[in-house]
Structures are given as structure tokens and as C-alpha cells.
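> The structure's right below; bear with me while I get my questions together.
The values are calculated or read from the model by the stated rules, or taken from the named source; none is laboratory data. A quick note: this is a predicted structure, and the numbers were derived from the prediction, not measured. Here the Cβ positions follow ideal geometry from the backbone for every residue, glycine too, while neighbour counts run over all protein chains shown. Please note that ligands, DNA and RNA were not included when accessible areas were found on the heavy atoms of the full protein model with its side chains. Shrake-Rupley method; radii C 1.70, N 1.55, O 1.52, S 1.80 Å.
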Amino acid sequence: MLQKIRDNTQSVTSYIILGLMVIAMAAFGIGPLIDSIGGQPAAVVVNGEEISENQVLRDVERRRLQLYQSGQSDIDSIALREEVIDRLILSTLLRQATEDLDLAVSRAQVDRMIIENPAFAGIDGYDPNVFQQRVVQAGYSTTEFIELLANDYLVQQYLSGGAQSTFVSEQEIAAFFAIAEQKRKFEYGILAAGDGAELEVSQEALQAAYDAQRDRFTTTSSMTAKYVQVTRDDLLDDVSVSEDQLRAEFELLQSAEAEQSSKLVAHILIADQGDGSQAERVAEVQAKLDEGQSFDLIAEEFSDDFLSAELGGELGETDGTVFDPAIEDAVAELAVGEVSGPVETDFGIHFVKVLDSSAGESLVFEDLRDELEERVIALEIERLYAIKIAELRDAAFQYGDIESLAESLGLQVMSSSEFTLAEGEGLLEDAGIRATAFSSEVLEDRLLSDVVETEDGVAVVIAVDQFSPSRLLALEEVESQLIAEERAKLASQLALERGEAMVELARSGSNLSSLLEEIDAEWLVTDLVGRGDIGVPALVLDAAFKAPVARDGTRTFSATTLPSGDVLVLGMIDVQDGSYEADDESAQMFVQQFYGSMYANSEFQAFVEELKRNAEIEIR
């Protein structure tokens with residue numbers, strides 16, 4: 001139970017805030033929610049079209065959430081913003097381009113893509129509740145997501161047009177298979193370079209190698225730090241729970257559960273098409289409803305909301321806060337099975353039906369005692385934690401050294417191991433704390449930091465202990481390492497020279513296998529092998545298929561340095577081009593798709609570069 005309490009105390013505040021945000025996003029969309037906070041200064045202007053600072057911030061947080069969900073925590077905020085701005089510029093340019101090319105997608109096509117997407121499916125196919133949940137989880141409003149999907153479809157439409165228009169000749173298909181399915185037979189041996197321990201490296205060569213790699217031998221600035229911390233676990237012993245508190249929390253739960261009733265809603269939307277037919281269509285729908293005709297069938301025939309019309313008008317569940325206020329007012333007055341009269345919103349005229357309803361669960365105090373105790377403890381710890389953070393922040397501002405701050409609050413001063421801006425251990429694994437430690441206020445002015453909270457809910461004030469600036473290591477400090485490296489390079493170069501000498505002798509008629517045997521190098525001969533053959537070492541196979549061949553049947557020889565420094569000496573014995581049956585339709589289709597995709601991608605990249613080159617882009 002203690003661990004559950006700790007888990008709850010770390011997350012109760014975030015659950016409350018997240019709950020409010022999800023409700024707001026579901027009802028209004030995240031865009032209007034953020035935009036309502038203030039004005040709309042432009043962060044970027046693309047061909048006269050402004051991208052607001054709020055939109056940039058919104059997409060930065062959305063991308064940050066995606067990275068966190070993928071397991072990345074050390075996120076560079078500056079690089080993240082630059083990435084997001086680049087994406088926004090590209091998406092804006094592409095949308096502008098598709099508009100100039102008169103590419104279009106109907107709302108019905110977008111609705112069809114949504115309905116057919118398995119990500120939005122429930123037990124019996126498309127489920128509007130699943131759709132809404134997935135969209136909100138991704139950080140979008142429904143309107144934003146549909147717009148994004150439409151824009152993406154237009155870009156794909158452009159790309160697929162390029163791929164489908166690609167023509168591949170019979171000669172190109174034959175050339176493709178000749179290379180892709182080619183087989184080679186060869187003999188080879190490997191000359192071991194060794195570590196060159198017996199070789200001498202001159203002082204001049206050592207100095208030259210050092211001068212060429214100064215960046216490599218420049219250390220990263222680092223520091224050790226002192227810090228104090230406050231955690232929620234530290235507060236557990238300060239919390240006690242009374243029976244009155246449990247009863248009060250139970251009453252809150254009862255009240256909240258009573259408000260958790262929901263209704264499953266369907267509607268028929270008659271939009272204003274601008275042709276004066278709306279009133280006539282509203283009257284026709286009303287007449288059919290009065291006659292008792294099926295609401296589902298009327299919705300399928302008449303509703304202008306194509307997405308819900310496919311489901312007999314079903315919109316999903318609401319607790320009274322999800323839909324337009326006018327629709328929610330109508331729903332509140334309806335019992336299960338009842339249909340409203342015409343309801344007017346900005347989207348048009350609606351007929352609303354309640355399909356089903358559910359009431360909140362009946363709660364029993366004793367059954368929930370343990371849960372109530374955990375909730376009360378968690379809430380009390382959150383209250384105390386907030387007080388402690390406020391005290392910590394005030395003390396960090398008031399005191400000039402970490403020891404005085406710790407003494408005033410009864411905290412322990414802790415010391416870190418050495419860390420850099422890029423990495424650290426323990427508490428300093430947190431990128432935010434490292435960035436704070438390296439900030440100008442803490443590092444240069446030697447002030448105490450403001451309170452920094454980690455993802456794990458630890459509040460920290462940090463101060464510099466010892467700082468080691470970056471510096472160029474002296475030659476003497478890296479001399480032994482450099483000597484070993486230069487010896488290895490010399491050894492590899494000598495091995496290459498021996499290999500090239502063997503190649504010249506082989507070209508003159510000497511037997512390559514005999515040359516290799518003379519120096520006790522292992523000599524091997526392969527069968528005809530393809531590019532993916534697993535019977536030959538990958539590095540040898542790669543070198544063999546990069547080696548030159550003579551089309552007149554003349555044997556070719558080569559010497560190649562491997563990543564290890566050893567040298568591969570290779571003699572080509574036979575080369576057989578791949579082939580395919582001219583009537584093999586699947587082969588032709590494969591090559592057509594391969595070249596189509598390759599050409600379309602190349603064309604798309606050129607298209608994007610041209611858009612950027614001709615665009616007027618201002619980043620503010």
C-alpha cells in the first residue's frame with residue numbers, strides 16, 4: 001500500500017490537470033484553447049501567410065509529447081523548436097502548392113478514410129468514441145485532425161501521380177535484374193596489418209596527427225554540484241488521516257459519480273448549402289420523423305454529416321459538455337428514444353435523438369475506505385509539497401550559499417558526481433537539472449538556482465561546486481594513444497602496399513593463391529554467390545561486389561583496406577548477370593514500382609527544394 005501511495009502522490013495533480021485539459025480539448029480543440037490565452041503574434045511568415053507563435057508552441061508541445069511517449073527524455077528545446085518550424089514551413093509550402101495545382105479532396109473522401117482506418121475501429125467497425133479518443137490523445141482537435149488528413153491526402157495524391165506516371169522500358173527492367181541478381185565467384189585472402197608495435201612514428205608525424213585532430217582532443221566542460229532536494233516521499237511521515245476527512249472525500253466522490261451519467265446521441269444535420277433548399281429539407285425530414293420512419297435511414301439519406309450518417313447519425317456519448325451547447329440543451333431534455341425538434345447551431349439545423357443513457361455507480365463507504373485513505377493522503381502530500389516548494393523557492397532567493405539554505409529548511413546538502421551538459425548520473429540524468437546547472441546565473445554568477453522539478457517529482461535547488469572548463473589536451477596527455485593509432489595506420493598502409501604488389505604480380509600472370517601461401521595468408525575460393533549470401537563475410541562480400549569487373553572475360557584483381565586496417569586481396573573468377581523471364585508480370589510490376597517510387601521520391605525532393613528556393617520565408 002505504501003508504494004501505491006507514493007505512486008498516487010506523484011501523479012494526483014497531473015491527473016487533475018490532464019482531466020481538465022482533455023475535457024477542454026474534446027469540446028473545443030486544443031487550438032482554440034491555447035489561442036484564447038492571448039494574441040496571435042506571427043513566428044513565421046511563408047509567402048505572406050502567417051504561422052502564429054501559438055501554433056508553433058502548440059506543435060512543439062505535441063512533438064515533445066510524442067518524443068516522451070517514444071522513450072526520449074533528453075530533449076533539446078532549441079533543436080525541437082527548429083525542427084517544428086521546419087515542418088510547419090514545409091507543410092505550408094506543400095499545401096500552398098497543392099492549392100496552386102488545383103488538387104482537391106472532398107469531405108466525403110476524408111470521412112471515408114477515417115471510417116476505414118482500423119485505428120478508429122471498435123468491436124463492430126468504426127467507433128466515433130474511439131476516433132475522438134485517438135485524436136485527443138494525439139493532441140489534436142477534430143477539426144485540426146481532419147484538416148491535417150486532407151492536406152496529407154493531397155500531398156500523397158501528388159506523389160502517387162508521379163509514381164504512376166513513371167515508364168520503365170524492357171531494357172531498364174533487364175538492366176535492373178542484371179545488377180540486382182548478379183552472382184560472382186572470386187578468390188581472396190586477407191593480409192593482417194597487425195598493430196605496428198615495431199614501427200617508429202616520427203615526432204613530425206605525431207605533431208601533424210595531433211594538429212589535425214584538435215577538436216577531438218578538446219575536452220567537454222564539466223562540473224560537480226551541490227544541491228538540496230524535496231520529494232513527496234519525504235512528506236509521508238507528516239501526514240495523518242481523520243475519519244472526517246475520509247467522509248468528506250467520500251461525499252465528493254459520491255457527488256462526482258452522480259454527475260457521471262452520459263447519453264449516447266445521434267443527429268441528422270441539414271446544412272445550409274446556399275441554394276435556398278435548407279428549409280424545404282428540414283420540413284421533409286420533420287415530416288418523415290412525424291410519420292415514424294426510421295431515424296437511422298433518414299440520417300443515412302438526408303444528413304450532411306457524412307461521417308455520422310454512415311452510422312445512422314450516431315455521434316457518440318456526452319456527459320453534457322462534449323457537443324455544441326444548443327445540442328447539449330436539447331439532449332438534456334430528451335429521454336432514451338426521443339427525438340428533438342429542429343436545433344440550430346453554426347453548422348446548420350439538427351434533429352437530435354438519444355439512443356441510450358447510463359447512470360453513475362452507487363458507492364459504499366466501507367468498500368472504498370482504503371482508496372479514500374490513499375486519495376486523502378495523496379492530496380495532503382500535494383498540499384504540503386506545494387508549500388515546501390514555495391519555501392524552497394523563497395530560500396533560494398534569500399540565501400547566497402547552499403549550506404545556509406539547507407540549514408534554514410532542515411535539509412541535507414548532497415553532492416553530485418562529475419557531469420557535463422550532455423550527460424550525467426543519478427539525479428543529473430535529468431536534462432533540465434543539467435541545463436540549469438550550466439545556466440549563466442548558476443555557472444557564471446554563482447547564484448543558487450531556482451527550484452527545478454524532475455519528471456519523477458523531485459524538487460531541486462542546485463549550486464556549482466567545482467567547474468572544469470573545456471580545454472585542449474596537451475600532446476603529452478594523448479601521446480601514447482596517438483602513437484598507437486599512427487602505428488596502426490602505418491601497418492595498414494604497409495599491408496596495402498604488399499597487397500597492391502601482389503595484385504600487380506597476379507595481373508602479370510602469377511598465381512594469387514601461391515602468392516598468399518608464401519606469406520602464410522589464408523586463401524579461399526567462393527562459389528557463385530549473390531549480394532545477400534551469408535556464407536561469405538559481409539565485408540568481403542561488399543568489397544567483392546564493389547570490385548571492378550572486365551566484360552571481356554579478363555580476370556581482374558584488387559586490394560582493399562578493410563575497416564579493421566587489414567587488407568583484402570581479391571581475384572575475380574566469374575561474373576554472371578541476373579536475368580528474368582520477359583513474360584514475368586510480377587517481375588515487371590516489381591521493377592515498375594521500384595523505379596516509380598525512386599523517381600517519385602527524387603522528383604518530390606526536387607519539388608520541395610524548388611518550393612523553398614522560390615518562397616519568401618521570414619522566421620521572426
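> Please pick out the residue among 450, 401 that is of a type in the set (D, E, K, R), in contact with a helix residue (DSSP H, G or I) (Cβ under 7 Å, 6 or more places away or on another chain) and in contact (Cβ under 8 Å) with a residue 40 or more places away in the chain.
From the options 450, 401, the qualifying one is 450.
> Given the structure, is residue 454 open to solvent by less than 60 Å² (accessible area, probe 1.4 Å), more than 20 Å from residue 385 (Cα to Cα) and β-branched (Val, Ile, Thr)?
Taking the combined requirement at face value, the residue does not satisfy it.
> Name the residues in the stretch 283-314 that are farther than 25 Å from residue 114 by Cβ and either exposed (fewer than 15 other Cβ atoms within 10 Å of the Cβ) or free of Cβ contacts under 8 Å to residues at least 24 places away in the same chain (or both), would you?
Scanning the stretch 283-314 gives 283, 284, 287, 288, 290, 291, 292, 293.
> Being part of a strand (DSSP E or B) and not hydroxyl-bearing (Ser, Thr, Tyr), is that true of even one residue in the stretch 425-448?
No; the residues of the stretch 425-448 include none that is part of a strand (DSSP E or B) and not hydroxyl-bearing (Ser, Thr, Tyr).
> Name the residues in the stretch 315-355 that are among the polar types (S, T, N, Q), open to solvent by less than 20 Å² (accessible area, probe 1.4 Å) and not in a strand (DSSP E or B), would you?
340
The rows are residues; the columns are (1) under 25 Å from residue 565 (Cα atoms); (2) of a type in the set (Asp, Glu).
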position	(1), (2)
460	no, no
465	no, yes
479	yes, yes
482	yes, no
491	yes, no
494	yes, no
526	yes, no
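> Still on this model: Within the stretch 196-223, take every residue that is within 30 Å of residue 522 (Cβ to Cβ) and surrounded by 12 or more Cβ atoms within 10 Å (Cβ to Cβ) and give me the one that is nearest to the chain's Cα centre (by Cα).
Out of the qualifying residues, it is 196.
> Can you name the residue in the stretch 75-112 that is over 23 Å from residue 50 (Cβ atoms) and among the acidic types (Asp, Glu) and, of all such residues, is least open to solvent (accessible area, probe 1.4 Å)?
Taking the candidates together, the pick is 111.
To keep it simple, each residue is scored yes or no on (1) at pLDDT below 75; (2) buried (at least 16 other Cβ atoms within 10 Å of the Cβ); (3) among the acidic types (Asp, Glu).
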residue	(1), (2), (3)
115	no, yes, no
127	no, yes, yes
145	no, yes, no
161	yes, no, no
167	yes, no, no
172	yes, no, yes
175	no, no, no
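> Looking at (1) in contact with a Leu (Cβ under 9 Å, 6 or more places away or on another chain); (2) among the acidic types (Asp, Glu); (3) under 23 Å from residue 80 (Cβ atoms); (4) open to solvent by less than 70 Å² (accessible area, probe 1.4 Å), can you tell me which one residue 441 breaks?
If we test residue 441 against (1) in contact with a Leu (Cβ under 9 Å, 6 or more places away or on another chain); (2) among the acidic types (Asp, Glu); (3) under 23 Å from residue 80 (Cβ atoms); (4) open to solvent by less than 70 Å² (accessible area, probe 1.4 Å), just (4) comes out false.
> Can I ask one more? So which residues in the stretch 516-535 are surrounded by fewer than 17 Cβ atoms within 10 Å (Cβ to Cβ) and farther than 19 Å from residue 497 by Cα?
524, 525, 527, 528, 530, 531, 532, 533, 534, 535
> Is it fair to say residue 387 is assigned to a helix (DSSP H, G or I), aliphatic (A, V, I, L, M) and surrounded by 14 or more Cβ atoms within 10 Å (Cβ to Cβ)?
no
> So which residues in the stretch 398-420 are in a helix (DSSP H, G or I) and either surrounded by fewer than 17 Cβ atoms within 10 Å (Cβ to Cβ) or not small (Gly, Ala, Ser) (or both), if there are any at all?
Of everything in the stretch 398-420, those that are in a helix (DSSP H, G or I) and either surrounded by fewer than 17 Cβ atoms within 10 Å (Cβ to Cβ) or not small (Gly, Ala, Ser) (or both) turn out to be 398, 402, 403, 404, 405, 407, 408, 409.
> Then there is this: Identify, from the list 359, 266, the residue that is of a type in the set (A, V, I, L, M) and open to solvent by 70 Å² or more (accessible area, probe 1.4 Å).
359
> Select from the stretch 177-235 the residues that are out of contact with any Lys or Arg (no Cβ under 9 Å at 6 or more places or on another chain), acidic (Asp, Glu) and free of Cβ contacts under 8 Å to residues at least 24 places away in the same chain and list them in ascending order.
Within the stretch 177-235, 204, 211, 215 meet the criteria.
> Could you please find all residues in the stretch 570-585 being open to solvent by less than 80 Å² (accessible area, probe 1.4 Å), modelled with pLDDT of 75 or more and not acidic (Asp, Glu)?
Once the filter is applied, which keeps residues that are open to solvent by less than 80 Å² (accessible area, probe 1.4 Å), modelled with pLDDT of 75 or more and not acidic (Asp, Glu), the stretch 570-585 yields 570, 571, 572, 573, 575, 578.
> With the requirement that a residue be more than 17 Å from residue 210 (Cβ to Cβ) and either assigned to a helix (DSSP H, G or I) or at pLDDT 95 or above (or both), what does the stretch 468-491 give you?
Listed by number, the list holds a single entry, 491.
> Out of 604, 545, report the one residue that is at pLDDT below 90, among the aromatic types (Phe, Trp, Tyr) and either in a helix (DSSP H, G or I) or open to solvent by less than 40 Å² (accessible area, probe 1.4 Å) (or both).
Result: 604 is the single residue among 604, 545 that is at pLDDT below 90, among the aromatic types (Phe, Trp, Tyr) and either in a helix (DSSP H, G or I) or open to solvent by less than 40 Å² (accessible area, probe 1.4 Å) (or both).
> Does residue 230 satisfy the criteria of being surrounded by 18 or more Cβ atoms within 10 Å (Cβ to Cβ) and in contact with a helix residue (DSSP H, G or I) (Cβ under 7 Å, 6 or more places away or on another chain)?
So residue 230 fits the description; yes.
> Residue 395 versus (1) open to solvent by less than 80 Å² (accessible area, probe 1.4 Å); (2) in contact with a strand residue (DSSP E or B) (Cβ under 6 Å, 6 or more places away or on another chain); (3) modelled with pLDDT of 90 or more: which is the lone unmet condition?
(2)
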